[in-house]
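Readers should treat all values here as calculations from the given coordinates under stated rules, not as data from a laboratory. Model, not experiment: these values are computed from the prediction. Don't worry about glycine lacking a Cβ; one is built from the backbone with ideal geometry, like all the others, and counts go over all protein chains shown.
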Amino acid sequence: MYFMDLGSFGSKGKKESKTKYKQKKRYKMRELMRKEIPTPKEIMNYLNERVIGQYEAKKRLSVAVYNHYKRVMSNVYDIGNDGDFKDVEIDKSNVMLMGGTGTGKTFLIRSIAKMLGVPCHIHDCTKLTAAGYVGEDVENVLTGLLQAADFDVEKAEMGIVCLDEIDKLAKKGENISITRDVSGECVQQELLKIVEGDVVRVMPQGKRKDPRVPMISINTTNILFIAMGAFVGLDEIVAERTQTKTKQIGFNRDQYVEDKEDSNMLHNVTSTDLKKFGIIPELIGRFPVITSTNPLNKEELIRIIKEPNNSILKQYQKLAYIDRKKLEFTDDAIDIVAEIAVVTETGARGLRNILETILNDFMFDSCDSRKRKLVVDREYCLKSLDNTLDRGTKEKLKEALAA
């Protein structure tokens, strides 16, 4: 996204009143906003072309991103600050995105950043520790964004920061600890000012603070923060709160009735659930937009393999094409690949590993072999994967294929 300089809209004329000039400026700024910021439906349509499934997550993210950059335009170009809304300040709405591995969380954010043309940095929160301890300082999440923006501070201040694995910072329990949790609760507390909006001084190369090295100041007010993680165990907390107990005689007296209509309990997450999970209330309040991705089913994985313009299947076909080879997959073979990803619960992230195993012999011999074409079918897949799948996975795969 490129924000035009206010000076490009001309200067005030001699006979033009101050009020009329301001109205004219606001009108031009609103027109600029409509052109520069894609609408939620435009963002949604863009994501639909690249991301399979995850309708609800895409919808929530589209609205959140649109509202965020409307707020940025309001702050930067003084849009909407007239009449009854002169003293109204729009609070920052960061996003918390939950979902299992391989469900497309990272790809969703990268796609949005690419569409908007803003720098994006994804930082692993498991490396962060409290100030003064071994590990990375929390300010390093901004150093990565600065590097993604080629050290253009103004560009970085309009970017997106993803706090990946935020769930690993959860407190060990709800009770107050007498020891210092330097890689959990303390890191959450140090993130508060950064995600809310503050001027933060960072080291240019992400090193420890050194008085001999000049630091760079970054204002995080207009940076969109997205906290991501699998939040393993959170679904059980939600189920305990929402599902009804059935009393039975015996040791397992308290059993919960499964809700067949909503298999993804993360859709029902509340602030209370996140607090019980181990996220401090202050940090929860700074991420008002909460959404989640669904586990991918077999049909969605098949579409991921085949349909996108940059699909994983087309990537391997391109690799073969560079060696003047032709690679084809039968529908049965693609079905096997998707089924293995479902059985192993690795989602879309596991597809590449499966295809690497299947095509390893072909790629090893491709430069020397005179064979110009390989058609991968069901038998070829099962033979290639025979030595890599454990007994339990083979049994589950056999049952799934027989169903």
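Key figures
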| quantity | calculated |
| --- | --- |
| Distance between modelled label sites at LYS371 and GLU345, nm, 7 Å Cα→Cβ extension | 3.6 nm |
| Förster-model FRET efficiency, 60 Å R0, ASN75 and ASN353, C-beta, rounded to 0.05 | 0.85 |
| Whole-angstrom Cα spans of the stretch 36-76 along principal axes, big to small | 35, 17, 11 |
| Filter on LYS59/LYS276; LYS298/LYS373; LYS127/LYS168 - keep pairs with C-alpha separation over 19 Å | LYS59/LYS276; LYS298/LYS373 |
| Packing-based exposure ordering (other Cβ within 10 Å, fewest first) of SER93, SER369 | SER369, SER93 |
| For the stretch 335-342, Karplus couplings with θ = phi - 60° (6.51, -1.76, 1.60), whole Hz, Gly/Pro x | 4, 5, 4, 5, 5, 5, 5, 6 |
| Environment charge of ASP368, counting only residues whose C-beta is closer than 15 Å and scoring Lys/Arg +1, Asp/Glu -1 | +2 |
| Rounded FRET efficiency, nearest 0.05, which uses the C-beta distance separating ASN309 from GLN147 and R0 of 25 Å | 0.35 |
| Calculated FRET value between ASN387 and ARG241, using beta carbons and R₀ = 41 Å, to 0.05 | 0.35 |
| Inter-site label distance for GLU42 and ASN219 at 7 Å from Cα along Cβ, in nm | 2.5 nm |
| Candidate aspartates and glutamates - alpha carbon under 18 Å from LYS171, same-chain residues fewer than 8 apart omitted | ASP124, ASP181, GLU185, GLU190, ASP235, GLU236, ASP273, GLU282 |
| Rough spin-label spacing in nm, given labels placed 7 Å along Cα→Cβ, for TYR55 and GLU399 | 3.0 nm |
| Surrounding net charge for LYS396, when Lys and Arg each add one and Asp and Glu each subtract one, Cβ distance under 11 Å | -2 |
| Average projected area [Cα convex hull, the stretch 298-402], square nanometres | 6.4 nm² |
| Under the Debye formula (equal points on every Cα, no solvent term), log10 I(q)/I(0) of the stretch 53-123 at q = 0.20 Å⁻¹ | -0.92 |
